Amino acid sequence: MASKLPPEPPDPGRGAEGPVELSAEEHQRYLRLSRAAAVRHRRVRYAGASLLLLLTLLLAPLAVVAAWMDDTITDTDRYVQTVAPLASEPAVQKAVTDRLTDRVVDEMDLDAVTAALSKALADAGAPPAVVDHSAALTGPLRAAVTNVVHGIVFRVISSDAFQQVWETANRRAQKAVVGMLTGDRSTALRAQGDTVTLDLGTVIDQVKQRLVDQGFAKASAIPAPDRQITLFKTDKLSKAQDALRLLDVMGSWLPVLTLVLAALAVWVAPAHRVMLLVTAIGIGVMMIVLLVALAVARRIYLNSVPPSALPPDAAAVIYDTFVRFLRNSTRTLLVVAVITALTAVLYGPSRAARGVRTLARRGTGAAGRALHDAGVHTGATGRWLDGHRRWTTGVVIGCGALVLVLWNRPTVGAVLLVVVLVVVVVAVLGVLAAAARPETAAAPGDFTRPR
């Protein structure tokens, strides 16, 4: 006898009448609520991305300055590389030579020399007119002595020995930049009150010894305060030191934080490509602002140094030499921002972008067909490349970006070199993919169409 199975218990989660059907009005309400929730979600993402973008743009120039300060402070070779060219700059050599020459000549009592000459002539019975006119020899004698001393000092300053002494002194005083920017008085470059002075130290000692060896014994009497040269004088120095001291503390992590904020802004935004474009343009604008700020700071610096303390041409050379690596880094980031913005545009839906992509696709396709006709078949590898163009292109671009990140102080030339290599590799991969199936490879949908 066949056994009867017990009836299946009813499902408490399901009504006895089956699935609930929505009326037309309820369905429309459901769609409206779904769309409203999606809009709110997109608005929240746009708000978050906008906040992250604002923080990125505000921190970008500060991050560049902080990284430059951190690099200059911690790397002795970099610091020496920064200040070494000053020893060979004609304007700086002339300023140092003129200052030392004036101090040596001032230490020589030429009036006493002419007075002694007049007394000797009078004692020898020279005519009174000759004795009276001998006092007028002070001017010509000063000019002659100045020319001789100037020549000796200039030969010392322009010699290779001065170059070596300059680099050695700056290597020992590796934290000289910290002394100027943060108010530290333990270094060769000191900030006192509203004045920044450069202590020449060993350099002047060697010049003095050379002058003594040449017969100018008075050179040894150059007082210690005149071993310094005024570089900067302004009543706003203390405020600048406070700001730069803060950047010095943040130098190691502020650039990383800025990069992370930029990446988060692009990731959070609903339209990643558009946010990447906006971020690149914004960073480029901020780099231009930083370059303008450096130019304005240069003018303020030149106006703050009295000509009696340092000639304008020497002051300009000192400033340009001191900030040249900062200026180069800013220009490099500007070029990177421009290239990133162009890439985002070329991957967009505009007619020009589609035209460029079509032209590139036709070029790689024609080259692939030529290889295929010549007997070069890429086989399964080419078919794999053809089916994974988006991934391979993204990996190549990512590798190029990683190279720039890991590159030690990349220049504009290095950025352009990496960009050219990325374009070449992407083109070669496109040709290899087209050589596999020249009749179907490089279909219009192979390229990513970002939002």
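Just so it is clear, none of the values below were taken in a lab; they were calculated from the coordinates. Because the structure is predicted, anything quoted here is derived from the model rather than measured. Neighbour counts run over all protein chains shown; Cβ positions are idealised from the backbone, glycine included.
Before moving on, here are some points about what is shown:
- Where Thr378 falls short, out of the listed (1) under 9 Å from Ala435 (Cβ atoms); (2) loosely packed, with under 14 Cβ neighbours inside 10 Å; (3) polar (S, T, N, Q): (2)
- Filter pass, Gly430 being over 23 Å from the mean Cα position of the chain (by Cα), of a type outside the set (D, E, K, R) and outside any helix (DSSP H, G or I): no
- Test: residue in the range 273-283 that is crowded, with 16+ Cβ neighbours inside 10 Å, among the hydroxyl-bearing types (Ser, Thr, Tyr) and either under 24 Å from Ala95 (Cα atoms) or without any contact (Cβ under 8 Å) to a residue 60 or more places away in the chain (or both): no
- Hits in the range 73-102 (condition: assigned to a helix (DSSP H, G or I) and over 20 Å from Ala315 (Cα atoms)): Ile73, Thr74, Thr76, Asp77, Arg78
- Some residue of the range 390-410 being in a helix (DSSP H, G or I), of a type in the set (D, E, K, R), touching a residue at least 40 places away in the same chain (Cβ under 8 Å) and surrounded by 14 or more Cβ atoms within 10 Å (Cβ to Cβ): no
- Within the set Arg354, Arg298, the sole residue that is surrounded by 13 or more Cβ atoms within 10 Å (Cβ to Cβ) and under 22 Å from Val419 (Cα atoms) turns out to be Arg354.
- Taking first residues from the range 32-50 that are under 24 Å from Leu261 (Cα atoms) and partners that are surrounded by 13 or more Cβ atoms within 10 Å (Cβ to Cβ) and among the β-branched types (Val, Ile, Thr), the Cβ contacts under 7 Å between residues at least 6 apart in sequence or on separate chains come to Arg45/Val268; Gly48/Val268; Ala49/Val268.
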